[in-house]
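**Student:** Please find one structure pasted underneath; my questions will follow.
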Amino acid sequence: MTTTTQPKDPVREHCDTAAGHGRRGRHLIRWWPAGLLLALLAAPYSALPLPGLLDGPIGSPGSLQLLALCLVFGGLATGYDLLLGRTGLLSFGHALYFAAGGYATNTIMLEAGLPFVTSALLALLFGTALAALLGAVGLRVSGIGFSMVTLAFAQAGSILVARDPGGLTGGEEGRAVPANRLPASLVGIEHTVNLYWIALAYLVVTLAAVHCAVRSPTGRVWEGIKENERRVEVLGLRPYGFKLVAFTLSGALAALGGIVYLLLTGGATPQTTTSNFTLSLLVMVVLGGSGSRWGPLVGGVLYTWADHRLGDLAGSGAVAGLPAVLRVPLSQPLFLLGTVFVAVVYLLPGGVVRLPERVRVTWSSRATGRTMTEAEPAERKEIPAS
C-alpha cells in the first residue's frame with residue numbers, strides 16, 4: 001500500500017498565514033483605545049518633549065492647553081457626525097448650540113450670580129431645549145432645505161450675539177468668565193491640568209454616548225434613514241421623530257462642549273457663533289472619516305492641532321525669509337490648512353482613519369501577487385509534457 005503526498009500550494013499557505021496574522025492583528029487593534037486612554041491619562045505627568053508637535057514637554061501648561069482643545073474639538077466633531085455620518089443630515093448651524101452652552105453659562109453666572117456648576121447645568125438644559133425646538137422646526141423640510149434652515153438659525157444667533165442686547169454677550173469682544181464664580185481649582189495657569197481632565201472627561205462622555213446611541217435600535221433606524229428614508233417609512237416608522245432625537249442629542253453634546261470650551265479659553269467669544277465654525281466641524285469630520293467610529297475624533301484632533309501649529313509656522317522667521325511668491329501664500333494659515341485638506345481628500349478618500357486599512361489591503365495584495373508569481377514555475381513543472 002502506497003501513499004501519495006499532495007504537493008503544497010504556496011498560495012494557499014500564504015493566504016492561511018496572512019489570515020492568521022490578520023486575526024491576531026485585529027485582536028490587538030481592539031485594545032488600542034484602552035492604550036490611547038492610558039496615554040492620555042499619563043500625559044500630565046510626562047516631561048517628554050515632542051519637537052515640532054508641541055512647543056514644550058507634554059506635561060507643560062501650554063502643551064496641556066493645546067491637547068485639551070484637541071480633545072474638545074475631537075468630541076465636538078464626534079457629536080456632529082451623529083447628524084452627518086450617521087443620519088445623513090447636513091447641518092450648517094451646529095455652532096449655535098456650541099455657542100449656546102458657553103454664552104448661557106457665562107450669562108447665568110454674571111447676571112444671576114449662580115455658581116459655575118449650577119450655571120453649567122442650566123446652560124446644558126437650555127442648549128438641549130434649543131436644539132429640540134429648532135430641530136422640530138428645521139426637520140419639517142429635508143435635503144438642502146434643511147441645511148438652509150439650520151444656516152438661517154445660526155446666522156440669527158450670530159447677529160444676536162454681535163448686537164449685544166442688554167450688554168449680555170459683549171458684542172464683538174465677547175465676555176470674560178468671572179473668576180470669582182469659578183472654583184479655585186479651575187483658575188490660573190497652575191491649574192491647567194484640571195482643565196485638561198475636564199476636556200478628557202468630555203471626550204469620553206461623548207464617545208460613550210455616541211457609541212451607545214449608534215448601537216441601539218434607534219441607531220439602526222438612523223442608518224436606514226441615511227441609506228433610504230422612504231424605505232423606513234414603508235416599514236411603518238416615522239423618520240421625523242428619529243431624526244429629531246439625533247438632532248437633539250447632537251445639540252446637547254455640542255452645548256456641553258461649549259461649556260468646557262468656555263473654561264479653556266476664559267470667556268465666550270463670537271467666533272464660535274459663526275457659520276465658518278460649523279464649516280470647520282464639517283472639515284474635521286470629512287478629514288477624519290465621516291460615518292466611522294473614530295474618524296471624526298481623529299479629524300477634530302488633527303484639524304485643531306494643525307490650526308494652531310500651522311499658524312505658528314506661518315508667522316515664523318523661516319517663512320518670512322522666503323521669496324514673496326512663496327512667503328505670501330505660506331504666511332496664511334488658512335491656505336496651509338486648505339492645502340492639507342485637499343491633499344488628504346484626494347489621496348485618502350474616506351478620511352485619515354481609512355489609511356491603515358488601505359495600507360493593509362495594498363500590502364496583502366502585493367504579497368499575494370509575489371507568492372503567485374513564485375508558484376508559477378513549480379506549477380509549470382508539474383504539467384506533463386504531451
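**Student:** Does Leu41 qualify as being of a type in the set (A, V, I, L, M), modelled with pLDDT of 85 or more, open to solvent by less than 60 Å² (accessible area, probe 1.4 Å) and within 28 Å of Gly102 (Cα to Cα)?
**Tutor:** no
**Student:** Scan the stretch 148-198 residue by residue and report those that are of a type in the set (Val, Ile, Thr), open to solvent by 50 Å² or more (accessible area, probe 1.4 Å) and in contact (Cβ under 8 Å) with a residue 24 or more places away in the chain.
**Tutor:** Ile189, Ile198
**Student:** Quick one: count up the residues across the stretch 116-170 that are out of contact with any Phe, Trp or Tyr (no Cβ under 8 Å at 6 or more places or on another chain), among the polar types (S, T, N, Q) and under 20 Å from Leu253 (Cβ atoms).
**Tutor:** Of the residues in the stretch 116-170, 2 are out of contact with any Phe, Trp or Tyr (no Cβ under 8 Å at 6 or more places or on another chain), among the polar types (S, T, N, Q) and under 20 Å from Leu253 (Cβ atoms).
**Student:** Test of understanding: among Gly241, Gly258, which residue is part of a helix (DSSP H, G or I), under 16 Å from Leu69 (Cα atoms) and open to solvent by less than 40 Å² (accessible area, probe 1.4 Å)? Show your work before the answer.
**Tutor:** Details: Gly241 fails: under 16 Å from Leu69 (Cα atoms).
Matching residue, one of Gly241, Gly258: Gly258.
**Student:** Residues being in contact with a helix residue (DSSP H, G or I) (Cβ under 7 Å, 6 or more places away or on another chain) and either at pLDDT below 95 or open to solvent by less than 40 Å² (accessible area, probe 1.4 Å) (or both): count how many of those fall in the stretch 113-127.
**Tutor:** At the first step, the residues of the stretch 113-127 found to be in contact with a helix residue (DSSP H, G or I) (Cβ under 7 Å, 6 or more places away or on another chain) are 114-116, 119-120, 122-124, 126-127.
Right, trim to either at pLDDT below 95 or open to solvent by less than 40 Å² (accessible area, probe 1.4 Å) (or both) and you get 114-116, 119-120, 123, 127.
Residues that pass the stated criteria total 7.
**Student:** Being under 19 Å from the mean Cα position of the chain (by Cα) and of a type in the set (D, E, K, R) is the filter here; which residues of the stretch 55-85 pass it?
**Tutor:** Of all residues in the stretch 55-85, those under 19 Å from the mean Cα position of the chain (by Cα) come to 64-85.
Asp81 - this is the single residue of the stretch 55-85 that is under 19 Å from the mean Cα position of the chain (by Cα) and of a type in the set (D, E, K, R).
**Student:** Take Leu310 and tell me if it is modelled with pLDDT under 80 and not in a helix (DSSP H, G or I).
**Tutor:** No, not satisfied.
**Student:** Pairs only if they're at least six apart or on different chains, beta carbon under 6 angstrom, first in the stretch 322-342 and under 25 Å from Leu287 (Cβ atoms) and open to solvent by 90 Å² or more (accessible area, probe 1.4 Å), second at pLDDT 70 or above and of a type outside the set (Ser, Thr, Tyr); list them, first residue then second.
**Tutor:** If the second residue must be at pLDDT 70 or above and of a type outside the set (Ser, Thr, Tyr), the pairs left are Phe335/Pro329.
**Student:** If you check every pair at least six apart or on different chains, which have Cβ atoms under 7 Å apart with a residue in the stretch 229-247 that is charged (D, E, K, R) first and a residue that is open to solvent by less than 80 Å² (accessible area, probe 1.4 Å) and assigned to a helix (DSSP H, G or I) second?
**Tutor:** Glu229/Pro239; Arg231/Gly224; Glu233/Pro239; Lys243/Thr87; Lys243/Ile225
The values are calculated or read from the model by the stated rules, or taken from the named source; none is laboratory data. All figures in this text were calculated on a predicted structure; none of them were measured in a lab. Glycine also receives a Cβ, built like all others from the backbone with ideal geometry; neighbour counts cover every protein chain displayed. Areas reflect the complete protein model, heavy atoms only, side chains present, ligands, DNA and RNA absent. Shrake-Rupley method; radii C 1.70, N 1.55, O 1.52, S 1.80 Å.
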